[in-house]
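The values are calculated or read from the model by the stated rules, or taken from the named source; none is laboratory data. Values in this document were obtained by computation on a predicted structure and should not be read as measured data. Positions of Cβ are backbone-derived with ideal geometry, glycine not excepted, and every protein chain shown enters the neighbour counts.
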Amino acid sequence: MNSPLRTVVRMRVVFGVIEWIDSILSGVPRTAGPLGMSWFTSRIGYYYLAAGCLLAAYVFCRAFVASAVGTTLLAIRDNERKAQALGYNPRAYKILVFVLSAFLGGLAGALYAPFAGFASPDLFFWVLSGQVLIMVVVGGAGTLSGPILGAAFFLALEHYLSVFTDSWALVLGLVFIAVVLFAPQGLWGMVRGRAVP
């Protein structure tokens with residue numbers, strides 16, 4: 001069995017197990033925060049908790065990109081063979097990035113479940129990964145501020161379009177195609193381009 005097919009089979013097995021334990025994933029409560037702080041159980045308090053986690057993740061990622069490890073990762077992205085010839089191990093750095101991205105994704109999931117009150121098996125489906133990719137491309141890939149702007153734009157557009165039409169996904173797809181064709185740097189690239197005289 002080739003590698004892509006094996007991956008698909010594994011995903012289907014994981015998805016099936018999650019559907020099997022669907023009853024466990026419903027009714028996720030907002031528990032009290034650190035030291036019994038009940039302020040985070042309110043909607044506004046939870047908003048500030050999520051905003052604080054976003055700010056902390058942004059500061060961490062900015063420091064990580066500016067560090068020596070971040071510079072090495074940029075070198076690996078630009079020319080992996082040259083970085084390997086200089087003595088760096090690209091595989092080890094890729095594993096590190098994978099672990100960090102899994103941690104940040106897990107943090108987002110841990111914040112989402114109490115916010116929504118449930119964790120649907122649909123969150124493990126490939127559609128959500130596609131939406132996240134669209135947010136990154138629309139906002140501006142290769143930047144830290146771009147994906148945040150892209151996520152805000154995507155969610156706001158989805159919310160307002162779904163009020164007027166059931167075909168909101170089609171409109172979002174057209175917006176995505178337009179951004180890729182006419183603004184390959186994304187919305188953040190357009191903002192930065194206008195800011196520079």
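Worth pointing out:
- Residues that are in a helix (DSSP H, G or I) and either assigned by TED's automatic domain parsing to the domain that holds S129 or surrounded by fewer than 14 Cβ atoms within 10 Å (Cβ to Cβ) (or both), drawn from segment 70-83: T71, L74, R77, D78, R81, K82
- Within segment 44-60, the residues that satisfy the criterion of being modelled with pLDDT of 90 or more and exposed (fewer than 15 other Cβ atoms within 10 Å of the Cβ) are A51, G52, L55, A56, Y58, V59, F60.
- Failed item in (1) in a helix (DSSP H, G or I); (2) polar (S, T, N, Q); (3) within 18 Å of the chain's Cα centre (by Cα), with T143 passing the rest: (1)
- Selected residue (criterion: modelled with the highest pLDDT) from residues of segment 158-183 that are hydroxyl-bearing (S, T, Y) and surrounded by fewer than 11 Cβ atoms within 10 Å (Cβ to Cβ): Y160
- Condition check for F98 on (1) exposed (fewer than 13 other Cβ atoms within 10 Å of the Cβ); (2) modelled with pLDDT under 90: one failure, at (2).
- Being within 20 Å of the chain's Cα centre (by Cα), in a helix (DSSP H, G or I) and touching a residue at least 40 places away in the same chain (Cβ under 8 Å) holds for only one residue in V65, V59, and it is V65.
- Taken over segment 150-189, the criterion of being in contact (Cβ under 8 Å) with a residue 12 or more places away in the chain and not in a helix (DSSP H, G or I) is satisfied by Q185 alone.
- Boolean, R6 is more than 17 Å from S101 (Cα to Cα), in a helix (DSSP H, G or I) and at pLDDT 80 or above: no
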